[in-house]
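Structure, as C-alpha cells:
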Amino acid sequence: MQSELKVSKSILAKLLASENISVVHRQTPTAAFDLKGRTLILPMWNDMDGDLYDLLVGHEIGHALYTPEQGWHNSVEENKQKKAFKGFLNVIEDARIEKMVKRKYAGMARCFAAGYKELYERDLFGVKKLPDVNKLNLIDRINLHFKLGAHVLIKFTDQESDFIRETAALETWDQVVDLATRIYAYVKEQESDKL
C-alpha cells in the first residue's frame, strides 16, 4: 500500500507542478525542492497518510511554481555575509508560496490544514516541549504562525503584527526579498538593543 501511495503522490506532484519534475523518496528529515535540478525530495516517514503527503507535495510544488531559481540564488549569494538570512528568506517565501498554491488549487487548503495538524501532533516543530513559544525569535514565531497558527497561540508586538500583515499580503518574489531584508534588519536591531 505504501508503494502505491508513493507512486500516486509522485504523479500528483508532476501534475500540480505543471512540468515533468523528478520525484525522489528518501530517508531525509523533511521534504525539499531542488530549484536548479527540478527535483522534489519527499521523506520516507512512518505512518504518512494522504493529507500529510499532500501537504508536503503541495508546499514543495509551490516552490516549483513560484520560487525563481535565479532570484533565490542571487538573493542568497548577495546576503551570504548575513548570518541566518537564508532562513529568513525561506520562512517568508514559504508563507507566500503556500498562499499561492492554496489559491491555485483550492482543495489543497484542507490538506494543508490536516497535514499541519498532523505535524503539530507529531511535534515536528518542537513547540510542545517549549515552556513559552512566545520566547522564540521573531522569524521562528512568524514561521509557526503561518504553519501552525490554528494550533499555537503566538503573540506579536504592534511592529511585529505589521510584518505579519505584510507577509500575508505578499504576491511577488521582489516583495519577499524586501520584507525578509527588513525583518532581518529589525531582528538584528532588537538583538543589539539587548547587548
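Brief remarks on what is shown
- Taking LEU130, LEU153, LEU89 in turn, the Gaussian network model of the chain (Cα-Cα springs below 10 Å) assigns the largest fluctuation to LEU130.
- The stretch 103-183 - percent of accessible surface contributed by carbon and sulfur, probe 1.4 Å: 53 percent
- For the stretch 72-195, the solvent-accessible area with a 1.4 angstrom probe is 56 square angstrom per residue.
- Within the listed set GLY126, GLY149, GLY115, the Gaussian network model of the chain (springs between alpha-carbon atoms below 10 Å) gives the highest mean-square fluctuation for GLY126.
- Candidates GLN81, GLN175, GLN70, ranked by Gaussian network fluctuation over the chain, Cα under 10 Å, top entry: GLN81
- Annotation: per residue accessible area for the stretch 24-70 equals 42 Å², rounded to a whole number [probe 1.4 Å, protein chains only].
- Residues whose amide H falls under 5 Å from that of VAL23, counting only those 5 or more places apart or on a different chain, are LEU40, with hydrogens built in the peptide plane.
- Counting only aspartates and glutamates at least 8 places from LYS117 when in the same chain, those with an alpha carbon closer than 16 Å to its own are ASP47, ASP49, ASP51, ASP54, GLU98.
- Approximating the spin labels as points 7 Å out from Cα along Cα→Cβ, the LYS80-to-ASP132 distance works out to 3.9 nm.
- Most positive-pole-ward Cα, ASN143, ILE164, THR181, against dipole of the stretch 116-195 from beta carbon charges: ASN143
- Among the listed pairs LYS36/LYS82; LYS14/LYS102; LYS99/LYS147, those with a Cα-Cα distance over 19 Å are LYS36/LYS82.
- The calculated 222 nm mean residue ellipticity attributable to helices in the chain amounts to -20500 deg cm²/dmol, summing -39500 (n - 2.57) over DSSP H runs of n ≥ 4 and dividing by all residues.
- Area accessible to solvent at LYS86, 1.4 Å probe radius, in Å²: 110 Å²
- Theoretical FRET efficiency, 1/(1+(r/R0)^6), r = Cβ-Cβ of ALA106 and THR30, R0 25 Å, to 0.05: 0.50
- Structure-derived percent of Cα pairs over 25 Å apart: which label, when the choices are (i) 38; (ii) 28; (iii) 44: (i)
- Partner aspartates and glutamates for LYS83 [C-alpha distance under 16 Å; skip if fewer than 8 residues away on the same chain]: ASP140, GLU189, GLU191
- Karplus-derived 3J(HN,Hα), 6.51/-1.76/1.60, for each residue of the stretch 76-87, Hz, glycine and proline x: 5, 5, 5, 10, 5, 6, 8, 4, 6, 4, 4, x
The values are calculated or read from the model by the stated rules, or taken from the named source; none is laboratory data. Quick caveat: nothing in here was measured; it's all calculated off a predicted structure. Ideal geometry is used to build each Cβ from the backbone, glycine not excepted, and the neighbour counts take in all protein chains shown. Only protein heavy atoms, including side chains, enter the accessible area calculation; ligands, DNA and RNA are left aside. Shrake-Rupley method; radii C 1.70, N 1.55, O 1.52, S 1.80 Å.
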